[in-house]
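The block underneath contains the structure these notes are about, expressed in structure tokens.
The values are calculated or read from the model by the stated rules, or taken from the named source; none is laboratory data. Because the structure is a prediction, the values reported are computed rather than measured. Cβ atoms come from the backbone with ideal geometry, glycine included; neighbour counts cover every protein chain shown. SASA here: full protein model, heavy atoms, side chains in, ligands and nucleic acids out. Shrake-Rupley method; radii C 1.70, N 1.55, O 1.52, S 1.80 Å.
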Amino acid sequence: MRSSPDSRLSPIRLMLVDDHVAMRIGISSTIENRDDMEVVGEADNGIDAIQMAKELNPDVIVMDLRMPEQDGMDTIRALKKEAVRASILVYSNYANGDEIYKVLQAGAMGFVVKDMPLKVLHDAIRAVAKGERFVPAEVSSRIVSRVTTQLTSREIEILEMVAGGFSNKEIADRLSLVHGTVKVHLANIFRKINVSDRTQAVMYALKNHLIKIE
């Protein structure tokens, strides 16, 4: 039995963006009896999605990448430019490492592949609705090799020292660098692995075996 509206928090308001109507119907059917989420709008292309998002102000936008009129990547960028507050969750069959990386860089909060269990999609929706990033291990592993090739040996060295508890000044002193240069390196590292601070960078690097700690 569904609980009364007064006994629970407001459900997560979803907008679905996919040019395949069967996919939208499928997602809707899996959540129609759930108390914690509801579909408030659907669009079959990126251009309509932008206007609809501004009108409906959803909490989460579940979006495909391959769509007519405007693809998902350009749509994500446009939504960010329009300052749409919704968290964007990409739900796609296309998930090579480079594409996943670019999607996250563009502003998506999560990426789920369509052949994953529906529970993963539901967990992802709940996570991004809270402002948390959601990238399953299977998806994350696809971008590790890309990130590894993007990080320079100096950046990896600095990451290892950050993981070792060294401050920026200590790193600069040990590597005979200007303090500001260390900050630039760290900013580049954060951008490349799509994190926002030192702790997240170390956690990501350790989880994906980018650095070694003695």
Given (1) open to solvent by 60 Å² or more (accessible area, probe 1.4 Å); (2) under 18 Å from the mean Cα position of the chain (by Cα), residue 150 misses just (2)
Any residue in segment 1-17 that's at pLDDT below 50: show its pairings with residues that are open to solvent by 100 Å² or more (accessible area, probe 1.4 Å) and not in a strand (DSSP E or B) at Cβ separation under 6 Å, as long as the two are six or more apart or on different chains. none
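Yes/no matrix, rows are residues, columns are (1) under 17 Å from residue 46 (Cβ atoms); (2) of a type in the set (Gly, Ala, Ser); (3) buried (at least 16 other Cβ atoms within 10 Å of the Cβ); (4) out of contact with any His (no Cβ under 7 Å at 6 or more places or on another chain):
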position: 69; (1), (2), (3), (4): yes, no, no, yes
position: 96; (1), (2), (3), (4): no, no, no, yes
position: 117; (1), (2), (3), (4): no, no, no, yes
position: 122; (1), (2), (3), (4): no, no, yes, yes
State which residue is nearest to residue 207 (Cα to Cα) when the search covers only segment 111-138 and only residues that are basic (Lys, Arg) and not in a helix (DSSP H, G or I). 133
Exactly one condition in (1) more than 19 Å from residue 127 (Cα to Cα); (2) surrounded by fewer than 22 Cβ atoms within 10 Å (Cβ to Cβ) is not met by residue 46; state its number. (2)
Could you tell me which residue of segment 88-110 is nearest to residue 194 (Cα to Cα), considering only residues that are within 9 Å of the chain's Cα centre (by Cα) and part of a strand (DSSP E or B)? 110
Restrict the check to segment 119-130 and report whether at least one residue is out of contact with any strand residue (DSSP E or B) (no Cβ under 7 Å at 6 or more places or on another chain) and farther than 24 Å from residue 39 by Cβ. no
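Determine, yes or no, whether residue 59 is open to solvent by 10 Å² or more (accessible area, probe 1.4 Å) and at pLDDT below 90. Steps first, answer last, please.
Working: open to solvent by 10 Å² or more (accessible area, probe 1.4 Å): yes; at pLDDT below 90: no.
Here the answer is no, as residue 59 does not meet what is asked.
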Boolean, residue 9 is open to solvent by 20 Å² or more (accessible area, probe 1.4 Å) and either farther than 30 Å from residue 192 by Cβ or assigned to a strand (DSSP E or B) (or both): yes
Test for residue 24: is it outside any strand (DSSP E or B), touching an Asp or Glu at 6+ places or on another chain (Cβ under 8 Å), closer than 28 Å to residue 191 by Cα and of a type in the set (D, E, K, R): no
Candidates 133, 77, filtered to the one that is open to solvent by 80 Å² or more (accessible area, probe 1.4 Å) and modelled with pLDDT under 90: 133
In segment 67-87, the residues that are free of Cβ contacts under 8 Å to residues at least 12 places away in the same chain and in a helix (DSSP H, G or I): 81
Selection from segment 27-57 of residues β-branched (Val, Ile, Thr) and either closer than 19 Å to residue 130 by Cβ or not in a helix (DSSP H, G or I) (or both) yields 31, 39, 40
Pull up segment 111-133, narrow it to residues that are charged (D, E, K, R) and closer than 18 Å to residue 100 by Cβ, then point me to the one that is farthest from the chain's Cα centre (by Cα). 115
